[in-house]
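In what follows, a structure is listed as structure tokens, so that the remarks can point back to it.
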Amino acid sequence: MLGGGPWGNIWPRRAAALVTYRDAAPADVPDVLRLVRGLAEYERETDRFTATEADFHRMLFGPRPKAHAILAEIAGQAPVGIALYYYTVNTFMATEALFLEDLFVEPAQRGSGIGLGLMRAVAARTVADNCGWMEWRVLNWNQPAIAFYEALGARPIEKWHVRQLHGAALTALAQGNTHG
């Protein structure tokens, strides 16, 4: 039952129709692309969105899949939510972790418990795969998501800063230079 137990302020505002959570299949790639594009729009990052169906097919279903996706479906509709994840390792503990790259629910379905259902599905996968934890990022301006994650019991990692190397700086380093 959604909303029962210790969930406090993450109870859905309205009950979702019958929702199914399932692993994405190759035929779902157009929906995966659509949902991830929706996340890019929400995060105001459409200028960085260059993925294609072929990219997602290779990433999720190629000879060496790099990521996995769980879709949320309401009976008779195209998928309305996605959780896209991959595995990382912690060498100090010699264990795997699950990294949740994308969590997105279409705007019309928010508040219905689908995001919570996706998080539960990812948590179940984390436990079933004997991972030590699951981890993800949230944009610092996304207060609804931050509140949702805190209500689940998630806490920020305060002693680490996220860094990225891309574009000219990445190419320069790969070519033996120290900066781009």
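Taken together, the values in this text are just the output of simple stated rules run on the coordinates, not laboratory data. Bear in mind the structure is a predicted one, so any value in this text is a computation, not a measurement. Here Cβ is always computed from backbone atoms with ideal geometry, including for glycine, and neighbour counts include all displayed protein chains.
Exactly which chymotrypsin sites (Phe, Trp or Tyr not before Pro) in region 68-147 are in a DSSP loop and have at most 10 other Cβ atoms within 10 Å? Here the chymotrypsin sites (Phe, Trp or Tyr not before Pro) that fit, given the DSSP loop and packing criteria, are PHE92, TRP141. For VAL162, VAL19, the sequence from fewest to most other C-beta atoms within 10 Å is VAL162, VAL19.
When HIS68, HIS57, HIS166 are sorted by how many other C-beta atoms sit within 10 angstrom of their C-beta, beginning with the fewest, the order is HIS166, HIS57, HIS68.
Applying a DSSP loop filter and a limit of 14 other Cβ atoms within 10 Å to the trypsin sites (Lys or Arg not before Pro) in region 38-86 leaves ARG44, LYS66. Each of ARG110, ARG163, ARG22 was scored by other Cβ atoms within 10 Å of its Cβ. Arranged with the fewest first, they read ARG163, ARG22, ARG110.
The ASP129 and ILE157 beta-carbon pair, evaluated with R₀ = 30 Å, returns a calculated FRET efficiency of approximately 0.90. The ratio of the alpha-carbon radius of gyration of region 5-174 to the globular-protein estimate 2.2 N^0.38 Å is 1.08. The calculated FRET efficiency for ASP55 paired with HIS166, based on their beta-carbon distance and R0 = 22 Å, is about 0.85.
The label-point distance for ARG34 and THR46, in a model that sets each label 7 Å from Cα toward Cβ, rounds to 1.7 nm.
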